[in-house]
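Here the structure comes first, spelled out in structure tokens, and everything after it is commentary.
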Amino acid sequence: MTPDIPPPAPDETIDVHDDAALQRWAEHFGVTPSQIEEAVQAAGPQVRDVQSHLLDQGASAGAG
């Protein structure tokens, strides 16, 4: 059982150089780590921008 993780702060960023963080964000958004890396490259590291990019791409970005 996974402990409840609070939702990200609106100004939180994603560090694609931190493997553990990358995996956590991939699980959070229901995508692969590669998709997170691509989204950060395209939209920047802000969580809200990455989420918007993933949604625009049709990924399963089910935050929350």
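Values quoted throughout were computed directly from the atomic coordinates according to the rules given, and no laboratory measurement underlies them. Predicted, not measured: the structure shown is a model, and the values here were computed from it. All Cβ positions, even for glycine, are placed from backbone atoms using ideal geometry, and neighbour counts span all protein chains on display.
What's the exposure ranking of 38, 12, going from fewest to most Cβ atoms within 10 Å?
On the way: 38 18, 12 13.
Going from least to most buried by this count: 12, 38.
Calculate the radius of gyration of the Cα atoms of the stretch 19-61 to one decimal place, then report Dmax, the largest Cα-Cα distance, as a whole number, both in Å.
Rg, Dmax (Cα atoms, Å): 8.8, 25.
Let me have the relative contact order for the stretch 19-61, percent, based on Cα pairs under 8 Å that are six or more residues apart. Please report the intermediate quantities before stating the final value.
On the way: 36 pairs, mean separation 15.1, N = 43.
Once normalised by length, the contact order is 35 percent.
Quickly rank 46-54, 27-35 as a protection proxy: mean count of other C-beta atoms within 10 Å, highest first. Display every interim value, and only then the final one.
Details: 46-54: 19.1, 27-35: 16.4.
Those peptides, ordered most packed to least, come out 46-54, 27-35.
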